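Working notes for the structure below.
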Amino acid sequence: MQVIGIYELKTRVAEIMRQVRGGGRFTVTHRGHPVGMLVPIDEADAEPGPDEAWADFWNAVAEIERGALVDPRPSNVILAESRR
C-alpha cells in the first residue's frame, strides 16, 4: 500500500483515483499520521444502504435473543477483519 499526504492527494486527485480504480491502495496521511485509506470498492463489498443496514441489525438482534453465539473477539478485531 502506498502512502500519500493530503496535500499531494489534493494536487494529484485525478491521477490517484485512476490508480485506485485500477486496484491501487493508498494510506492517506496528515502531517505524517495516517488518517484514512483509499481502496477500490468492489460492488459485492460496497457499504449497504440504510434499509439493508437496519435489516441486518434487527436480524442480528433476533439471533442474539434466540441465544445465538456471540463472537467473543473485541469489536476492533472484528471490524478490522471485515474491512479486508
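Do me a favour and compute the ellipsoid semi-axes for the chain from its Cα gyration tensor, root of five times each eigenvalue, largest one first, whole Å.
Value: 34, 16, 10 Å, ordered largest first.
Just to confirm a number: summing +1 for Lys and Arg and -1 for Asp and Glu over residues other than residue 28 whose beta-carbon lies under 14 angstrom from that of residue 28, what do you get?
Neighbourhood net charge equals +3.
What residues qualify as long-range amide H neighbours of residue 29, i.e. H under 5 Å apart, gap of 5 or more or another chain, H built at 1.01 Å from N?
4, 5, 6, 35
Estimate the FRET efficiency between residue 12 and residue 63 by the formula 1/(1 + (r/R0)^6), using the beta-carbon distance for r and 41 Å for R0, to the nearest 0.05.
Plugging the Cβ-Cβ distance into 1/(1 + (r/R0)^6) gives 0.35.
May I ask for the equivalent-ellipsoid semi-axes of segment 1-43, computed as the square root of five times each C-alpha gyration tensor eigenvalue and listed largest first in whole Å?
18, 12, 7
The numbers here are math on the coordinates, done by the rules we state, and not lab data. Treat the numbers as computed from the prediction; the structure is a model and nothing was measured. Heads up, the Cβs are rebuilt from the backbone with ideal geometry, glycines too, and the neighbour counts pull from every protein chain shown.
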